[in-house]
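Below: one structure, written as structure tokens.
The values are calculated or read from the model by the stated rules, or taken from the named source; none is laboratory data. In this text, all values refer to a predicted model and were calculated from it rather than measured experimentally. Every residue, glycine among them, receives a Cβ derived from its backbone with ideal geometry; neighbour counts consider all protein chains shown. Only protein heavy atoms, including side chains, enter the accessible area calculation; ligands, DNA and RNA are left aside. Shrake-Rupley method; radii C 1.70, N 1.55, O 1.52, S 1.80 Å.
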Protein chains: 2
Amino acid sequence: MSSQKDHKLCMIPGPVEFHEDVLTSMSTLATSHVSPAFIPVFGESIQLLRKVFLTEKGQPFVVSGSGTLGWDMVSSNLVEPGEDALVLNTGYFGDSFSECLKVYGAKVTQVKSEIGERTTIQEVSDAISDKSYKIITITHVDTSTGVLADVKGISEVVKKQSPNTLIIVDGVCSVGCEELRFDEWGIDVVLTASQKALGVPPGLSILVASERAIEVFKNRKAPIPSYYASWAHWLPIMNAYESRKGMYFATPPVQLIYALNTSLKQITSIPLETRFEQHKKASNRIKDALDSLGLNFLPKNREAAANGMTAIYYPEGIQPADLLQKVASHNVVIAGGLHRAIATKYFRVGHMGISVTEPERKHLDTVISALTDSLKELGYSGK
Amino acid sequence: MSSQKDHKLCMIPGPVEFHEDVLTSMSTLATSHVSPAFIPVFGESIQLLRKVFLTEKGQPFVVSGSGTLGWDMVSSNLVEPGEDALVLNTGYFGDSFSECLKVYGAKVTQVKSEIGERTTIQEVSDAISDKSYKIITITHVDTSTGVLADVKGISEVVKKQSPNTLIIVDGVCSVGCEELRFDEWGIDVVLTASQKALGVPPGLSILVASERAIEVFKNRKAPIPSYYASWAHWLPIMNAYESRKGMYFATPPVQLIYALNTSLKQITSIPLETRFEQHKKASNRIKDALDSLGLNFLPKNREAAANGMTAIYYPEGIQPADLLQKVASHNVVIAGGLHRAIATKYFRVGHMGISVTEPERKHLDTVISALTDSLKELGYSGK
């Protein structure tokens, strides 16, 4: 850990701080992507992902790309041109998922929440009474607002009222830190990325699809409108590596997959439930501390707030650049706003992965002190 | 270098062996993708790419993904549905580029060479006399056959006979090891990947587009049929980072870009001409050694053969698995065949990057000895 002392602590909502062993895996010496050394590492990673997503038979995909690629992986494989998609929009990432779906020909209807509010079950129920949707998309945590969706509740009402609708979860900022039960809740796709609560540097688009989603894909009539994102290419690759065979479609990012393997082993070494609880507790600690300073949060209430990040309005009189720079002078990096309508009015703090699960690192103490001291130095006197 | 001693030398046509400093960059501690630490690293990498591609005003794109993504980056941005594309096919990668173009609606005509032959200038001249093509694609080195295309000659005839046709080069196995002069030869797009002669672990799709290609993109009428690969998203990102500002579309693979920066600085520290010569010389050395053993090459002659890799037929009586395993027992990894029609009949050796430019590592000696000894041990007695 001492080797990490000199750098600014990265407490943004991804990329997160990385474990030393994960970073060491990133420097794995040159290794062939079809070698007996690498194949079992990739194969085992695919299997370990099922444990993290809490699924027995879900099909993981691990693809070289940013989290953003996950939307193409969903939109180009599961929705045929002209089919209806319902997007539950709680921020920037709902806007973007909608745009992506439209590119691939979906007719998109959005349920847009006010900034800081989450979609209610009633809103979902009303929306799916109107029309029969091929898919419904839920941003589990919208990283732009820190709003946490009620995936379990939404899933229940969709299963009851519109059982054929595929339930898609954008879990980029939730997998590994928020309670998310793929099989138990009947989810069809969860997409995520490496650099958030999975604790791996950015560069992996990760997705798990239900058997039902794979069936829908296999029975699609329209041609697949993407080459790189086509499951027709990736399914055989995943199956090959899982059965410990090499196969080629695109060179996998060998070093990132070694890093993923290391992190997944760490994550699955304790029960997922413990991990969820740790993130809840850490989140409450951060939020209580900021609350006691008199700061206001974007999410309207604690129930609608993410556990892996916090979005906070600047107090009056504090300029965005001033706070971020002041916090950086305390060797901590936090993030500015991202939601287009209010980007300059709030900031974001990430609390995921080893910053939460390894309290001996004192990352939470460090970010709380840095924020408290910075605000004081900028003349903010609290409530 | 001693730290790399214990692993099997990776002499396949990508991923190649990586420099220690590149590997160290891969373990860069957690860093925000919009931090003052990272922005100049990304910005400088974009600028250094121009030097490697020998272009003044070409527009680099650096995107999280495999080299395969480069075909989507070309096909979805430059070709509109129904437009004609001419693919010069010298192996597996010509087949795949054709498939990708078709996915995005191009009408594809192929000039297919016999295995081991390269497209002649006459064939190109004839093909472009028949029809007016929006783009022509050339696989500079088809990694499946080791055939080297005459990009300069082809470019000349296209410019003369069909000046509006955009010239696209798949340089995955050529950028950084084969002579390739973007501006001088009038190329419109070169796409490549990180893990070959650029000497960076896999996970970056890298592309440079000419001003003319960017104009064609900006004037396209049909909507862009991809979300993740759309230049409409990536152009502003590249411009932002180059002018030392952060901007968000998808989280860039921070650690891979640090590694790219390190490698590009090494590559541009000597004239590119020297690098091209080094690879030619290394290639001749490998090929002469194998020739003297009585082995036959896939490319019909030395002029049509790549300088960064060699594709060699197994001598009679030698089984594919036997040779690869025997060579591995000498701690060297080489690759099997990839071209579908003859995959079990040949093997491939890579000789790119530090294995070539840093002769003190003795990688060429090592692979030549390993091959010579292995063949002898398997009972092969030479010509």
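Counting the residues of segment B:181-216 that are open to solvent by less than 10 Å² (accessible area, probe 1.4 Å), closer than 22 Å to B:SER75 by Cβ and either part of a loop (DSSP other than H, G, I, E, B) or hydrophobic (A, V, I, L, M, F, W, C) (or both) gives 17.
Taking the conditions (1) among the polar types (S, T, N, Q); (2) free of Cβ contacts under 8 Å to residues at least 24 places away in the same chain; (3) in contact with a helix residue (DSSP H, G or I) (Cβ under 8 Å, 6 or more places away or on another chain) in turn, B:SER355 satisfies each one other than (2). For segment A:25-59, the candidate set comprises residues that are of a type in the set (A, V, I, L, M, F, W, C) and open to solvent by 30 Å² or more (accessible area, probe 1.4 Å); within that set, the residue that is nearest to the other protein chains (Cβ to nearest Cβ) is A:LEU29.
Within segment A:313-368, track down each residue that is basic (Lys, Arg) and under 21 Å from B:TYR248 (Cβ atoms). A:ARG340, A:LYS345, A:ARG348, listed by residue number.
From the set of residues in segment A:60-91 that are more than 13 Å from chain B (Cβ to nearest Cβ) and hydrophobic (A, V, I, L, M, F, W, C), which is surrounded by the fewest Cβ atoms within 10 Å (Cβ to Cβ)? The residue in question is A:PHE61.
Residue under question is B:GLY94, and the condition is that it be within 16 Å of the chain's Cα centre (by Cα), within 9 Å of chain A (Cβ to nearest Cβ) and open to solvent by less than 20 Å² (accessible area, probe 1.4 Å); does it hold? No, not satisfied.
Quick grid of which residues meet (1) part of a strand (DSSP E or B); (2) touching a Cys at 6+ places or on another chain (Cβ under 7 Å); (3) at pLDDT 95 or above:
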| residue | (1), (2), (3) |
| --- | --- |
| A:PRO299 | no, no, yes |
| A:ALA311 | yes, no, yes |
| A:ALA321 | no, no, no |
| A:LYS326 | no, no, yes |
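Of the residues B:ASN261, B:ASN284, the single one that is in the same structural domain as B:MET352 (by the TED database) and either part of a loop (DSSP other than H, G, I, E, B) or of a type in the set (S, T, N, Q) (or both) is B:ASN284. Within segment A:1-24, restricting attention to residues that are facing chain B (nearest Cβ under 7 Å) and of a type in the set (S, T, N, Q), the residue that is farthest from A:VAL356 (Cα to Cα) is A:THR24.
In segment B:214-234, is there at least one residue being in contact with a helix residue (DSSP H, G or I) (Cβ under 7 Å, 6 or more places away or on another chain) and among the β-branched types (Val, Ile, Thr)? Yes, that holds for at least one residue.
Count of segment B:139-156 residues, restricted to those that are in a strand (DSSP E or B) and either open to solvent by 10 Å² or more (accessible area, probe 1.4 Å) or touching a Lys or Arg at 6+ places or on another chain (Cβ under 6 Å) (or both), is 2. Within segment B:346-383, being of a type in the set (S, T, N, Q) and modelled with pLDDT under 95 holds for one residue alone: B:SER381. Pairs meeting the criteria (first residue in segment A:304-321 and without any contact (Cβ under 8 Å) to a residue 40 or more places away in the chain and open to solvent by 20 Å² or more (accessible area, probe 1.4 Å), second residue of a type in the set (Ser, Thr, Tyr) and outside any loop (DSSP other than H, G, I, E, B), beta carbons under 8 Å, at least 6 apart or on different chains) are A:TYR313/A:TYR346; A:TYR314/A:TYR346; A:PRO320/A:THR344. Could we say that B:ALA341 is away from chain A (no Cβ under 14 Å) and not polar (S, T, N, Q) here? Criteria met by B:ALA341. The set of residues in segment B:133-163 that are among the polar types (S, T, N, Q) and within 23 Å of B:LEU191 (Cβ to Cβ) comprises B:THR137, B:THR139, B:THR143, B:SER144, B:THR145, B:SER155, B:SER162. Right, A:SER269: without any contact (Cβ under 8 Å) to a residue 12 or more places away in the chain and either in a loop (DSSP other than H, G, I, E, B) or among the basic types (Lys, Arg) (or both) or not? Yes, satisfied.
Taken together, B:SER226, B:SER283, B:SER263 contain a single residue that is within 10 Å of another protein chain (Cβ to nearest Cβ), surrounded by 19 or more Cβ atoms within 10 Å (Cβ to Cβ) and modelled with pLDDT of 95 or more, which is B:SER226. Considering every residue within segment A:6-24, establish whether at least one is open to solvent by less than 20 Å² (accessible area, probe 1.4 Å) and touching a Phe, Trp or Tyr at 6+ places or on another chain (Cβ under 6 Å). Among the residues of segment A:6-24, not one is open to solvent by less than 20 Å² (accessible area, probe 1.4 Å) and touching a Phe, Trp or Tyr at 6+ places or on another chain (Cβ under 6 Å), which makes the answer no.
Looking only at residues of segment A:328-370 that are part of a strand (DSSP E or B) and of a type in the set (A, V, I, L, M, F, W, C), we find that the one that is most open to solvent (accessible area, probe 1.4 Å) is A:VAL333. Can B:ASN239 be described as open to solvent by 30 Å² or more (accessible area, probe 1.4 Å), in a helix (DSSP H, G or I) and closer than 22 Å to B:THR55 by Cα? It is true that B:ASN239 is open to solvent by 30 Å² or more (accessible area, probe 1.4 Å), in a helix (DSSP H, G or I) and closer than 22 Å to B:THR55 by Cα.
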